[in-house]
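The values are calculated or read from the model by the stated rules, or taken from the named source; none is laboratory data. If you're wondering where the values come from, they're calculated on a predicted model, not measured in any experiment. Every residue, glycine as well, gets a Cβ built from its backbone with ideal geometry; the counts of neighbours run over all protein chains shown. With ligands, DNA and RNA removed, areas are computed over all heavy atoms of the protein, side chains included. Shrake-Rupley method; radii C 1.70, N 1.55, O 1.52, S 1.80 Å.
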Amino acid sequence: MGGCFSDRKGGQQAIGGLQQSPIPRSDGGVTGPNDAVDFFFRTRGLHLLFTQLELSLSAANLLDRDIFSKSDPIAIVYAKKRDGTLEEIGRTEVIMNTLDPVWIEKVHIAYQFETVQLLVFHVYDVDTKYHNLPVKMLRLNEQEFLGEASCVLSEIVTKQSRSLVLNLHNRNGHRGVKRLGTLTVHAEETNASRKAVEMILRCSHLDNKDFFSKSDPFLRISRIVESGSAIPICKTEVVNDNLNPIWKPLRLTMQQFGSKDNPLVLECFDFNDSGNHVLIGKIQKSVADLEKLYKEKTGVNFHLPSSFRNGHEKILKGQLLVDGFSEKMMYSFLDYISSGFELNFMVAIDFTASNGNPRLPESLHYIDPAGRLNAYQQAIWEVGDVIQFYDSDRRFPAWGFGGRLSDGVVSHCFNLNGNARDSEVEGVEGIMSVYANTLRNVVLAGPTLFGQVINKAAQIASQSLSYNQSKYFVLLIITDGVLTDLQETKDALVRASDLPLSILIVGVGGADFKDMEILDADKGVRLESSTGRIATRDIVQFVPMREVHGGQISTAQALLEELPEQFLTYMRCRDIKPRIADEAQTSNQG
């Protein structure tokens, strides 16, 4: 299928209506992939949108604190922050006289795949004398505490039912003798519409805005909202030196365009490196209008707003045409995860000599007797802690590279558990344990080669295709070094770009990581193999740890922000649907 591209960064690269990254860019420029959207929100001091969820709460068998009637319960939802403090994110209404409340009031939360979002729920019995107060005004220390529960948000969304039943207990986890009842939490995406349209847009006879060559056109599409202002929703890639451009298929979700009759503004610009793009012409049409253009095989002329006071618009010779139009269902990351798709975590650790002698405190591999984590342990723990919730058996392959083994041979892909036949270990704690053990048994050597561990991960991902299409693999490589096998690594990545695999690279220490930036195709240049083959999609995310620490986000957030989009790009390119969709299709056919 055309249009399966995932370049999301770089001045001239396509975004094709892909979802925006949840973390806003800080460079202030407007030539990046979602520059239209980025710039619009940043100028208004707003962050880009996360997946918005609605939490519905109910409880059963609550403790009865009232003498002459039953309790009047309310539930409060908190997010537990990294420093351990609780931040209230919502309250239900008070339900009178019941021990089995089903609250109507929803609690809204932004779901962030790349963080562990710990939720804490408190249930109170509201004293009768406060029943006339709005719930926001209730002082919780004046109400009777009925119980608390906690979970990680991803524990809810990975369930097929999107519901989780939690046992209530006393404060700070004390279970006590009495049973305090249960709390059920259900999560739902607030915008449930999965409809999208895919279009192939082209132009003919555009005005030339360049002196020494032809224009480099791209389209920017904005949605007109009730206030009359236009909110940018996406842009195409740039087609260089062409007055009759055809763009890659562009996908717009209903969330972006609102409804088929909602007016859209389509602006054609001549791209300039400076960011001062020149308007070639504009058109106002709805999605329904664009579908009509496609069916009738006709074009529509661009116009230019007049610079004169009479306000007459100039009709241009250049036209917009719609060469393809189809309606699609766009399933979300949560649709796949909650219907049984899994992320399988793998880790590869750098045992090259440039890390320094592990016995010395200045070494990147130094294991602190006081328990303070080194950079490798920190990366394993932070990333593994997030991904483990998406892997049902929590058994993770763990490899080392660049170390001299007991037989004297330097290996660039060896099993950390010492088992020649099976590289899997139990849980994130298992990875931490075999990592520490390996430091006692392996001599740090070199050089720094990624090729073999990437090929090993690709082999596992490839083998899974024959028996299970619902697995997606995530390889975490932690390294301190400058790559010695850059071209071999590129070749391995280009081959792997067809597989259900993403690769996260954490750079630790103070090395020059220029090569890593090349592997992470964030500058918009897709990787090319030694035979000239271009990567199907970007599968690498690189983060130097020194740039993350001290900032507002964790290493895991920075690494994992692109993973849901890489996962979706793979599934959509192969037309792999979540099981809920397959079941719905089967029942319709029956």
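Pull up segment 185-225, narrow it to residues that are within 22 Å of the chain's Cα centre (by Cα) and of a type in the set (Gly, Ala, Ser), then point me to the one that is surrounded by the most Cβ atoms within 10 Å (Cβ to Cβ).
As a first pass, look at segment 185-225 and keep what is within 22 Å of the chain's Cα centre (by Cα): 186-198.
Keeping just the survivors that are of a type in the set (Gly, Ala, Ser) gives 187, 192-193, 196.
Details: ALA187: 23, ALA192: 9, SER193: 13, ALA196: 20.
Top of the filtered list is ALA187.
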So, in segment 226-254, exactly how many residues are out of contact with any Lys or Arg (no Cβ under 9 Å at 6 or more places or on another chain) and open to solvent by 40 Å² or more (accessible area, probe 1.4 Å)? 5
Set ASP38, ASP66: member being assigned to a loop (DSSP other than H, G, I, E, B), modelled with pLDDT under 75 and not aliphatic (A, V, I, L, M): ASP66
Selection within segment 437-493 - of a type in the set (D, E, K, R), in contact with a Ser or Thr (Cβ under 8 Å, 6 or more places away or on another chain) and not in a loop (DSSP other than H, G, I, E, B): LYS471, LYS490, ASP491
Hits in segment 163-183 (condition: modelled with pLDDT of 95 or more and either hydroxyl-bearing (Ser, Thr, Tyr) or under 27 Å from CYS234 (Cβ atoms) (or both)): THR182
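So, of the residues in segment 494-503 that are assigned to a loop (DSSP other than H, G, I, E, B) and open to solvent by 10 Å² or more (accessible area, probe 1.4 Å), which turns out to be farthest from TYR336 (Cα to Cα)? Before the answer, list the steps.
Narrowing segment 494-503 to residues assigned to a loop (DSSP other than H, G, I, E, B): 497-500.
Still in the list and also open to solvent by 10 Å² or more (accessible area, probe 1.4 Å): 498-499.
Numbers: ASP498: 19, LEU499: 17 Å.
Per the criteria, the residue is ASP498.
Would you say VAL442 is within 24 Å of VAL543 (Cβ to Cβ) and open to solvent by less than 40 Å² (accessible area, probe 1.4 Å)? Break it down stepwise before answering.
On the way: within 24 Å of VAL543 (Cβ to Cβ): no; open to solvent by less than 40 Å² (accessible area, probe 1.4 Å): yes.
Criteria not met by VAL442.
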For segment 384-426, which residues satisfy the criterion of being touching a residue at least 40 places away in the same chain (Cβ under 8 Å) and either open to solvent by 60 Å² or more (accessible area, probe 1.4 Å) or among the small types (Gly, Ala, Ser) (or both)? GLY384, SER392, ALA398, GLY400, GLY402, GLY403, ARG404
Positions within segment 109-160 being open to solvent by 30 Å² or more (accessible area, probe 1.4 Å), more than 22 Å from GLU93 (Cβ to Cβ) and among the charged types (D, E, K, R), in sequence order: GLU155, LYS159
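For the subset of segment 352-375 comprising residues that are in contact with a helix residue (DSSP H, G or I) (Cβ under 7 Å, 6 or more places away or on another chain) and under 17 Å from VAL434 (Cα atoms), which member is surrounded by the fewest Cβ atoms within 10 Å (Cβ to Cβ)? Before you say what the answer is, go through the steps one by one.
Taking segment 352-375 as the starting set, the residues that turn out to be in contact with a helix residue (DSSP H, G or I) (Cβ under 7 Å, 6 or more places away or on another chain) are 358, 363-365, 367, 373, 375.
Those still in the list that are under 17 Å from VAL434 (Cα atoms) too: 358, 364-365, 367, 373, 375.
Working: PRO358: 18, LEU364: 19, HIS365: 24, ILE367: 17, LEU373: 14, ALA375: 21.
Among those residues, the one meeting the criterion is LEU373.
Name the residues in segment 278-287 that are open to solvent by less than 70 Å² (accessible area, probe 1.4 Å) and over 12 Å from MET199 (Cα atoms), would you? Walk me through it before giving the result.
First, pick out the residues of segment 278-287 that are open to solvent by less than 70 Å² (accessible area, probe 1.4 Å): 278-283, 285-287.
VAL278, LEU279, ILE280, GLY281, LYS282, ILE283, LYS285, SER286 - these are the residues of segment 278-287 that are open to solvent by less than 70 Å² (accessible area, probe 1.4 Å) and over 12 Å from MET199 (Cα atoms).
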Heads up, the strands (runs of 3 or more DSSP E) in segment 71-166 (entirely inside) with at least 2 residues that are small (Gly, Ala, Ser) are 73-80, 144-152
Which one of these does PHE473 not meet: (1) more than 24 Å from ARG533 (Cα to Cα); (2) open to solvent by less than 40 Å² (accessible area, probe 1.4 Å)? (1)
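Does at least one position in segment 109-120 carry a residue that is farther than 30 Å from ALA558 by Cα, of a type in the set (A, V, I, L, M, F, W, C) and at pLDDT 75 or above?
Going through segment 109-120, the residues farther than 30 Å from ALA558 by Cα turn out to be none.
Within segment 109-120 (the criterion being farther than 30 Å from ALA558 by Cα, of a type in the set (A, V, I, L, M, F, W, C) and at pLDDT 75 or above), the answer is no, since none of the residues qualifies.
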Number of the exception - MET330 against (1) within 30 Å of HIS186 (Cβ to Cβ); (2) in contact with a helix residue (DSSP H, G or I) (Cβ under 6 Å, 6 or more places away or on another chain); (3) not acidic (Asp, Glu): (2)
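I'm trying to understand the selection: among the residues of segment 371-420, which are aromatic (Phe, Trp, Tyr) and farther than 16 Å from THR352 by Cα?
Quick first cut of segment 371-420, residues aromatic (Phe, Trp, Tyr) only: 376, 381, 389-390, 396, 399, 401, 414.
Within segment 371-420, TRP381, PHE389, TYR390, PHE396 qualify.
Would you check if LEU475 is at pLDDT 95 or above and more than 28 Å from the chain's Cα centre (by Cα)? Outline the logic, then answer.
Numbers: at pLDDT 95 or above: yes; more than 28 Å from the chain's Cα centre (by Cα): no.
For LEU475, the condition - at pLDDT 95 or above and more than 28 Å from the chain's Cα centre (by Cα) - is not met.
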Any residue at all in segment 302-324 that's open to solvent by 50 Å² or more (accessible area, probe 1.4 Å) and under 29 Å from PRO564 (Cβ atoms)? no
Do you know which residues across segment 531-560 are at pLDDT below 80 and not in a helix (DSSP H, G or I)? HIS549, GLY550, GLY551, GLN552, ILE553, SER554
